[in-house]
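One structure is given here, and the rest of the page talks about it.
The values are calculated or read from the model by the stated rules, or taken from the named source; none is laboratory data. Note that the structure is predicted; figures quoted are calculated from it, not measured. Virtual Cβ from ideal backbone geometry, glycine too; neighbours counted across all protein chains shown. Each accessible area value is taken on the protein alone, full model and side chains, heavy atoms only, with ligands, DNA and RNA left out. Shrake-Rupley method; radii C 1.70, N 1.55, O 1.52, S 1.80 Å.
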Amino acid sequence: MDTAIITGAVTPLLCSFIAAVSLIAGGLATVVVYRILLKRKRLNMINEAELEAEVIKREKIMQAKEKFYQLKSEHEKIINEKNNKINQTEQKIKQRESALSQRIADAQKEKQEVEAIRANLKTQLELVEKKSGEMEKLHKQQVDKLEVISGLSGEEAKTQLVESMKEEAKTEAMSYINEIMGEARMTATKEAKRIVIQSIQRVATESTIENSVTVFHIDSDEIKGRIIGREGRNIRALEAATGVEIIVDDTPEAIILSAFDPVRREIARLSLHQLVTDGRIHPARIEEIVLKTQKQIEEEIVEIGKRTTIDLGIHGLHPELVRIIGKMKYRSSYGQNLLQHSREVANLSSIMAAELGLNPKLAKRAGLLHDIGKVPDDEPELPHAILGMKLAERYKEKPEIVNAIGAHHDEVEMTTMIAPIVQVCDAISGARPGARREVVEAYIKRLKDLEAMALAYPGVMKTYAIQAGRELRVIVGSEKISDKDAEKMSYDIAKKIQDEMTYPGQVKITVIRETRAVSYAK
């Protein structure tokens, strides 16, 4: 019983122990198996890596071999090309050597031929010298015989022969020279007349005389009253703004504008035309229209200058010279329109220069610009030729043109062939019957001097000589001149005119002073 109890108690313990031992043995077996499997896996990975490395190694070796073969092929190709070039160069060198050898052989052959010719010539020269000595001996014998016969030595006979030939040559030369000179004089006179006549015929222009009045035509005499205005305020404003005397008389459908300055007359004419067309005629409107017309005339002057240069084919002029040319339309020289005169001189100069074989473009340019000194109002004490020369020099014209402008009235010495041509053409244009009128020029000069004298007084803004110089209107600044000063100025100007100027009848001096207050509502 005790044994059974012990046996019954031991059996669970043994079972537990066996189970534990089995569990431990299983775990150890699992670990062993896991390690064996891990080791195999590592071996497989190492084998795969080695295989992959071997493959990569083989690929790299193949790529290296391909690169090597490629480089080797390129290298061989380069070497072949260089060898080909070397072979070609060697061929060329061999050809040149062959050609050079041939030339050397030819040169040696030619040298041998030259030597042979030289030897032949030497032989012939010896024969010639021998014959020459014999000829000289014979010539000397003949000369000695002639000297004995003539009784003169060889030098004396030679001297007499030379003197005789000199006298004969001089006589023939003088006769020939006189004949040529006479023919040249006749031909030169005839040719000069032909050139002048042909030039005048090819430039046939109408001769027009500038007047000092302009007739403004109106549709009806009712407009005259509107132009005069209430108590004459409109006509006074118009005369003050333009400096032109406006004569409204019984002449049907006409108003006369009188002024020595053509620019003023044109401004007055255009202003009247706009005022009459618009219908609004009052002092403020008159001043506005006159200012606009003045700007319009300035633009028209520039346009006339450009059109003139284009018509004549003259290019590259300074803009100020173009403006001066346009202003010539409103200037006159002894009654002859200055622009028309200058165009005529330009065309004449061009034709004459072409006939003489000179530069026609240069001559035409000088002819157009020869009277530009008459346009500016400054420096009136200088002759217009000298003033024009200074203007041309200031605006970079060529020295030939500058000299032609300054010398066309002999103020400076002529240094080019263009200068006498311009002088002659200026005389041709001005000397035609009816082209100029001396009295008008003297009259215009007297009126200009009258205005300039009054303008020299301090405080004077504008001066206008009207009524053919019988009235001088002086506009002064109200902030500079008082009423008493205006009266004194009127007296002083009258006294100075009386003492220094020559004039017919009497001259009325009117000093105008007014105050204006101008504001703008914005």
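Between segment 449-491 and segment 306-334, how far is it from one alpha carbon centroid to the other, in angstrom?
33
In terms of solvent-accessible area of protein heavy atoms at a 1.4 angstrom probe, what is the ranking of 482, 350, highest value first?
Descending order: 482, 350.
So how much accessible area does residue 33 have, in Å² to the nearest 10, using a 1.4 Å probe?
Per-residue accessible area (residue 33): approximately 80 Å².
At a 10 angstrom cut-off on C-beta neighbours, averaged per residue, how do the peptides 88-95, 290-297, 311-318, 357-364 rank from highest to lowest?
Descending mean neighbour count gives 357-364, 290-297, 311-318, 88-95.
Can you send over the solvent-accessible area of residue 501, 1.4 Å probe, protein chains only, in Å² to the nearest 10?
Answer for residue 501: close to 40 Å² accessible.
Largest first and to the nearest Å, give the Cα extent of segment 1-125 along each principal axis.
Each principal axis gives a Cα extent; for segment 1-125 these are 179, 14, 11 Å.
For segment 56-63, what does the Karplus curve 6.51 cos²θ - 1.76 cosθ + 1.60, with θ = phi - 60°, yield as ³J(HN,Hα) per residue in whole Hz, taken in order and with x for Gly and Pro?
Using θ = phi - 60°, the values come out as 4, 4, 5, 4, 5, 4, 5, 4 Hz.
Percentage of Cα-Cα pair distances in segment 247-359 greater than 26 Å, rounded to whole percent?
Summing the P(r) tail past 26 Å for segment 247-359 gives 37 percent.
Taking a 1.4 Å probe, which of 342, 164 shows the most accessible area, and what order do the others take after it?
Result of the area sort, largest leading: 164, 342.
Residue by residue, what Karplus-based ³J(HN,Hα) values in Hz, rounded to whole numbers, does segment 235-245 have, using 6.51, -1.76 and 1.60 with θ = phi - 60° and x for Gly and Pro?
For segment 235-245, the Karplus curve yields 5, 5, 5, 5, 5, 5, 6, 9, x, 10, 7 Hz.
Give me the Å³ per residue figure for the convex hull around the C-alpha atoms of segment 212-287.
Once divided by residue count, the hull of segment 212-287 is 76 Å³.
Per the Debye formula with a single identical scatterer at each Cα and no solvent contribution, what log10 I(q)/I(0) holds for segment 298-414 at q = 0.13, 0.14 Å⁻¹?
-0.44, -0.52
Please give the solvent-accessible surface of residue 57 in Å², to the nearest 10, using a probe radius of 1.4 Å with every protein chain present.
Ignoring ligands and nucleic acids, residue 57 comes out at about 120 Å².
Provide the descending list of Cα extents for segment 336-380 along its principal axes, expressed in whole angstroms.
Here the spans come out as 38, 19, 11 Å, largest first.
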